[in-house]
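Chemist: Quick one: structure below, then a few questions.
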Amino acid sequence: MGFKVAVVGATGNVGREMLNILDEREFPADEVVAIASRKSLGTEVSFGDATLKVKALEHYDFSDVDICLMSAGGSVSKEWSPKIAAQGAVVIDNSSAWRMDPDVPLVVPEVNAAALDGFTKKNIIANPNCSTAQLVVALKPLHDKAKIKRVVVSTYQSVSGAGKDAMDELFSQTKAVFTLDEIAPKKFPQRIAFNIIPQVDVFMEDGYTKEEWKMVVETKKILDPKIKLTATCVRVPVFVGHSEAVNIEFEQPLSADEAREILRKAPGCIVIDKHEPGGYVTPYESVGEDATYISRVREDPTIDNGLVLWCVSDNLRKGAALNAVQIAEALIKRKLIQAKKKAA
Ligand SMILES: NC(=O)c1ccc[n+]([C@@H]2O[C@H](COP(=O)([O-])OP(=O)(O)OC[C@H]3O[C@@H](n4cnc5c(N)ncnc54)[C@H](OP(=O)(O)O)[C@@H]3O)[C@@H](O)[C@H]2O)c1
């Protein structure tokens, strides 16, 4: 007997990608339901060759749902995830609402699948922020080998990380530049077309942004609380694919050649690192792909045991939808869930 899977936020960037990935990976689902807000009731979304009619969250009965993939934002998740979990569906949430709750595992399956064992406390599992997900996939195998002391990361984040309205804003602003129309920022604090913005999410008291704070605390929760990390998160006019320049200080020596060899064998990583024009991966090439791509691995001569690398991934996939589906697959593989008996 297969599972019944609900995708909440099915009309959004992440939700649509979840439906694609469930289909591509032939997830063992007998039924998949698409759910969004009341305004999307009755609209259609694609699921493989089929189309699904969207249902409204507030009227949906989750009592026979086994797995709920949630990507409808933090406030919707805060209100609805506990209600859905109480009806017996395991909620795999993409928002930031539950990530730092001690009773909620924060999981990237290639890194800390064992943390899933504690999920029944709330029946909710959190996905990390998109920038953290690809970063920890790259850091984990290196940490296992040479123990990371400190990470300095700068991100170059695509607009799709801020939702479908943000993609429309980049598109319409870019068009407006050529048609000499007015450019009015709405979703972003500054113009994004032909520009970059050194602010992702809101400012915190210490001058960091919340996105930067998330990278710090989530890396500690997923990988190792002893790792020191500082981040500068920047929005760039790219539709899909987040990039990161990562400087890593280790306790033990690790050469660039050794690091490349380790990363080549690591789950979820693909190394493309030729010292020639184009011998690296750009966000454009990562679109629609599952891997975290690593390029430009080199030794940092300014510190002991330091490496620098470039890391790129499709933020809608490994940064969100793929990771959520991988969590569901890991629950099944580890025999942590079973399909509920459905009424005939
Ligand atoms: N994009 C990324 O790279 C990324 C990565 C990691 C995590 N996330 C997180 O994933 C979540 C979704 O992001 P997104 O990029 O897919 O956003 P999005 O494109 O703006 O889509 C938002 C989705 O949520 C639904 N929704 C909004 N309010 C709702 C309500 N009251 N009840 C039910 N559904 C509601 C929307 O439905 P309607 O169309 O009906 O409004 C839509 O399907 C966010 O929490 C985001 O932080 C995103």
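All of the numbers you see were taken from the coordinates with simple rules; none came from a lab. Since we're looking at a predicted model, the values are computed, not measured. Cβ: placed from backbone, ideal geometry, glycine included. Neighbour counts: every protein chain shown.
Chemist: Students often get this wrong, so check it: of 4/210; 228/274; 55/342; 39/78, which have C-alpha atoms separated by over 23 Å?
Modeler: Details: 4/210 35 Å; 228/274 30 Å; 55/342 20 Å; 39/78 20 Å.
Among 4/210; 228/274; 55/342; 39/78, the Cα-Cα distance tops 23 Å for 4/210; 228/274.
Chemist: For q = 0.19 Å⁻¹, what log10 I(q)/I(0) does segment 163-266 give under the Debye formula with an equal point scatterer on each alpha carbon and no solvent?
Modeler: -1.03
Chemist: What is the antiparallel percent of DSSP beta bridges lying wholly in the chain, to the nearest 5?
Modeler: Values: 27 of 58 bridges.
Here the antiparallel bridges make up roughly 45 percent for the chain.
Chemist: Turning to a different aspect of this structure: For segment 188-344, what is the per residue volume of the convex hull drawn over the alpha-carbon atoms, in cubic angstrom?
Modeler: Working: hull volume 31.8 nm³, N = 157.
Measuring per residue, one finds 202 Å³ for the Cα hull of segment 188-344.
Chemist: Over the Cα atoms, compute the radius of gyration (one decimal) and Dmax (the largest Cα-Cα distance, rounded to a whole number) for segment 1-137, in Å.
Modeler: In Å, with Rg to one decimal and Dmax whole: 14.3, 40.
Chemist: Report P(r) for segment 57-123: all Cα-Cα distances, bin width 10 Å, range 0 to the bin holding the largest distance, values in whole percent.
Modeler: Calculated P(r), rounded to whole percents: 21, 56, 21, 2.
Chemist: Put a dot 7 Å past each Cα toward the Cβ at residue 38 and residue 284; how far apart are the dots in nm?
Modeler: 4.4
Chemist: Test of understanding: what is the full-extension gain from residue 53 to residue 79, defined as 0.36 nm times their sequence separation minus their Cα-Cα distance? Show your work: numbers first, answer last.
Modeler: Numbers: separation 26, 0.36 × 26 = 9.36 nm, distance 2.37 nm.
So the chain would gain 7.0 nm between residue 53 and residue 79.
Chemist: Using only Cα positions of segment 139-204, each an equal point scatterer, no hydration layer, compute I(q)/I(0) via Debye at q = 0.17, 0.29 Å⁻¹ and quote the log10 values to two decimals.
Modeler: Log10 of I(q)/I(0), two decimals: -0.68, -1.31.
Chemist: Local charge sum around residue 148 (other residues, Cβ-Cβ under 14 Å, Lys/Arg +1, Asp/Glu -1)?
Modeler: Residues close to residue 148 contribute a combined charge of +2.
Chemist: Another question, if that's okay. Using the per-residue mean of other Cβ atoms lying within 10 Å as a proxy for protection, in what order, highest first, do the peptides 256-264, 161-169 fall?
Modeler: Details: 256-264: 16.2, 161-169: 18.2.
In decreasing order of mean packing, 256-264, 161-169 become 161-169, 256-264.
Chemist: Moving to a separate point now. Write down the Å³ per residue value for the convex hull defined by the alpha carbon atoms of segment 99-241.
Modeler: On the way: hull volume 17.5 nm³, N = 143.
Residue-normalised Cα hull volume stands at 123 Å³.
Chemist: Based on the Kirkwood radius over alpha-carbon pairs, what value in µm²/s does the Stokes-Einstein equation return for the translational diffusion coefficient of the chain at 20 °C and 1.002 mPa s?
Modeler: On the way: Rh = 20.8 Å.
The estimated diffusion coefficient comes to 103 µm²/s.
Chemist: Round to the nearest 0.05 the FRET efficiency obtained for residue 339 and residue 112 when R0 = 25 Å and r is the Cβ-Cβ distance.
Modeler: Details: r = 25 Å, r/R0 = 1.01.
For residue 339 and residue 112, the calculated efficiency is 0.50.
Chemist: A further question on this structure: Over segment 1-96, what is the percentage of antiparallel beta bridges among all DSSP beta bridges, to the nearest 5? The partial results should precede the final answer.
Modeler: Numbers: 4 of 20 bridges.
If I count the DSSP bridges inside segment 1-96, around 20 percent turn out antiparallel.
Chemist: Could you work out how far apart the two model spin labels at residue 63 and residue 298 are, taking each label as a point 7 Å from the Cα in the direction of the beta carbon, and quote it in nm?
Modeler: Placing both labels 7 Å beyond Cα along the Cβ direction yields 6.3 nm.
Chemist: Also, I was wondering about something else. Highest mean first, what order results for 289-300, 308-319 on Cβ atoms within 10 Å?
Modeler: Numbers: 289-300: 20.1, 308-319: 26.2.
For the peptides 289-300, 308-319, the packing ranking is 308-319, 289-300.
Chemist: Can you give the local net charge around residue 192? Use residues other than it whose beta-carbon is closer than 9 angstrom to its beta-carbon, Lys and Arg +1, Asp and Glu -1. Intermediate values should be presented prior to the final figure.
Modeler: Numbers: positive: 187, 191, 235; negative: 169.
After counting each charged neighbour, the total is +2.
Chemist: Compute the relative contact order of the chain as a whole-number percentage, counting only Cα pairs closer than 8 Å that sit 6 or more residues apart in sequence. All intermediate terms of the calculation are to be shown ahead of the outcome.
Modeler: Values: 782 pairs, mean separation 63.5, N = 344.
That works out to 18 percent.
Chemist: Follow-up question, since we're still on this one. Could you give the length gained by full extension between residue 203 and residue 272, i.e. 0.36 nm per residue of separation minus their alpha carbon distance, to one decimal place?
Modeler: Working: separation 69, 0.36 × 69 = 24.84 nm, distance 3.51 nm.
21.3 nm is the gain from fully extending residue 203 to residue 272.
Chemist: In segment 62-129, what % of DSSP beta bridges are antiparallel (nearest 5)? It would help to have the intermediate numbers written out before the result.
Modeler: Details: 0 of 8 bridges.
Percent antiparallel among DSSP bridges in segment 62-129 is about 0.
Chemist: So for each of 17-29, 36-48 I average, over its residues, the number of other beta carbons within 10 Å; can you give me the resulting order with the highest mean first?
Modeler: Details: 17-29: 18.9, 36-48: 15.0.
Packing proxy ranking, top to bottom: 17-29, 36-48.
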